[in-house]
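Chemist: I'd like to ask some things about the structure below.
Laboratory data are not the source of any read-out in this text; all were calculated from the coordinates shown. Source: prediction; values computed, not measured. Backbone-built Cβ (ideal geometry, glycine too); neighbour counts: all protein chains shown.
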Amino acid sequence: MIGRTDLKPLIEALDRRAEIGDPLQLWLRDDDAVEPSGSLDRLLELTQRHQVPLVLAVIPAFTGLALQERLASADTVEVVVHGWSHRNYAGVGEKSQELGQHRPTGAVLDELARGHALLAGLYDTRFVPMLVPPWNRIDPQVVANLPGLGFESLSVFGPEKPAPLTMLNTHVDIIDWRGTRGGRSVDAVVADLVSSSRTHRGPLGLLTHHLVHDAAAWDLMELILEATARHAGCEWRSVRDLMAQSAVN
Ligand SMILES: [Zn+2]
């Protein structure tokens, strides 16, 4: 049973941010979109109802006009590049990776250039030149070449590291990948959000995966958005705004 009391530490942290006039900057990244689905409808309905900007990391190789048409009426969505095909090139026993050292860097870069061009063509002003590496892993040699492909931002998971382009990472994942592969407990996600809000400087990214959400994951999203969307102690931001802000700073 999920109740509002589970959110108390988060509300209290946001109340303090409101008091000191320093609202927490939040952004929402959802990965692996390819085509319209019931789960995507639910995600769009949820984010639109709360007026929370949604950054959708789309896998270029398998997407096309069907998703473009579905997103045409979703005016709070930004589309970013999620690798090329989300294929794992790592060997048995290695962590999954598409953009690692398993292939020549040039081959990886060629695919990323195709992905950038394809999604820029499909989404025009909704497209943001951000790369989200599948499994949040990418070889440094590939990163060094991203600005040359037109990418202006890179987003993985965890604390930001120095890079030749704007880093906007996600820091809190709502899915329990090693356990149920469904939503984590409200207490655990709230504790992550609160501790990250204290220690992390800069925008805090929330990571979701609509295609694998179970009832717990959807409940969690609903609770978090409901608690935060209209709270004076935080602001949900689009990545275009955050990238412009980081270019000024
Ligand atoms: Zn992915």
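Chemist: Mind telling me which of the residues D187, D192, D214 ends up being of a type in the set (D, E) and touching a helix residue (DSSP H, G or I) at 6+ places or on another chain (Cβ under 8 Å)?
Modeler: Details: D192 fails: touching a helix residue (DSSP H, G or I) at 6+ places or on another chain (Cβ under 8 Å); D214 fails: touching a helix residue (DSSP H, G or I) at 6+ places or on another chain (Cβ under 8 Å).
On inspection, the qualifying residue turns out to be D187.
Chemist: List the helices (runs of 4 or more DSSP H) that sit entirely inside region 35-133 and contain at least 2 residues that are in contact (Cβ under 8 Å) with a residue 24 or more places away in the chain, out of contact with any Ser or Thr (no Cβ under 8 Å at 6 or more places or on another chain) and small (G, A, S).
Modeler: Qualifying helices (runs of 4 or more DSSP H): 105-123.
Chemist: Within region 106-127, work out how many residues are surrounded by fewer than 18 Cβ atoms within 10 Å (Cβ to Cβ), under 19 Å from E78 (Cα atoms) and of a type outside the set (G, A, S).
Modeler: Residues in region 106-127 being surrounded by fewer than 18 Cβ atoms within 10 Å (Cβ to Cβ), under 19 Å from E78 (Cα atoms) and of a type outside the set (G, A, S): 3 in total.
Chemist: With the checklist (1) more than 16 Å from the ligand (Cβ to nearest atom); (2) among the small types (G, A, S); (3) within 17 Å of the chain's Cα centre (by Cα); (4) surrounded by fewer than 21 Cβ atoms within 10 Å (Cβ to Cβ) in hand, flag the one item G183 doesn't pass.
Modeler: (4)
Chemist: Could I ask something else about it? Quick one: count up the residues across region 201-224 that are under 19 Å from A13 (Cβ atoms), under 15 Å from the mean Cα position of the chain (by Cα) and assigned to a helix (DSSP H, G or I).
Modeler: Summing the residues that are under 19 Å from A13 (Cβ atoms), under 15 Å from the mean Cα position of the chain (by Cα) and assigned to a helix (DSSP H, G or I) in region 201-224 gives 1.
Chemist: Test of understanding: among S73, S39, which residue is surrounded by fewer than 16 Cβ atoms within 10 Å (Cβ to Cβ) and farther than 16 Å from R137 by Cα? Don't jump to the end; show me each part of the working.
Modeler: On the way: S39 fails: surrounded by fewer than 16 Cβ atoms within 10 Å (Cβ to Cβ).
When all the criteria are applied, what remains is S73.
Chemist: Would you point out the residue of region 50-64, among those that are of a type in the set (G, A, S) and surrounded by fewer than 23 Cβ atoms within 10 Å (Cβ to Cβ), that is farthest from the ligand (Cβ to nearest atom)? I'd like the intermediate steps shown before the answer.
Modeler: Residues of region 50-64 that are of a type in the set (G, A, S), as a first pass: 57, 61, 64.
Filter once more, keeping what is surrounded by fewer than 23 Cβ atoms within 10 Å (Cβ to Cβ): 61, 64.
Working: A61: 12, G64: 18 Å.
The extreme case among them is G64.
Chemist: Here is a follow-up. Looking at (1) in contact (Cβ under 8 Å) with a residue 24 or more places away in the chain; (2) surrounded by fewer than 17 Cβ atoms within 10 Å (Cβ to Cβ); (3) hydroxyl-bearing (S, T, Y), can you tell me which one T170 breaks?
Modeler: (2)
Chemist: Considering only region 134-146, state which residues are part of a helix (DSSP H, G or I) and over 11 Å from L109 (Cα atoms). So that I can check it myself, show each step before the final result.
Modeler: As a first pass, look at region 134-146 and keep what is part of a helix (DSSP H, G or I): 134-136, 140-145.
The answer is P134, W135, N136, P140.
Chemist: Same structure, new question: In region 14-34, which residues are part of a loop (DSSP other than H, G, I, E, B), under 19 Å from G202 (Cβ atoms) and within 16 Å of the ligand (Cβ to nearest atom)?
Modeler: Within region 14-34, none qualify.
Chemist: Sticking with this structure for a sec: Hey, any hits in region 144-156 for a residue that's of a type in the set (V, I, T) and surrounded by fewer than 21 Cβ atoms within 10 Å (Cβ to Cβ)?
Modeler: No.
Chemist: What pairs can you find where one residue is in region 175-190 and part of a loop (DSSP other than H, G, I, E, B), the other is among the hydroxyl-bearing types (S, T, Y) and surrounded by fewer than 21 Cβ atoms within 10 Å (Cβ to Cβ), and their Cβ atoms are less than 9 Å apart, with a gap of 6+ or different chains?
Modeler: Matching pairs, first to second residue: D176/S185.
Chemist: Here's another thing I want to ask about it. So which residues in region 128-141 are buried (at least 18 other Cβ atoms within 10 Å of the Cβ), farther than 18 Å from E69 by Cα and more than 16 Å from the ligand (Cβ to nearest atom)?
Modeler: Correct list: P129 only.
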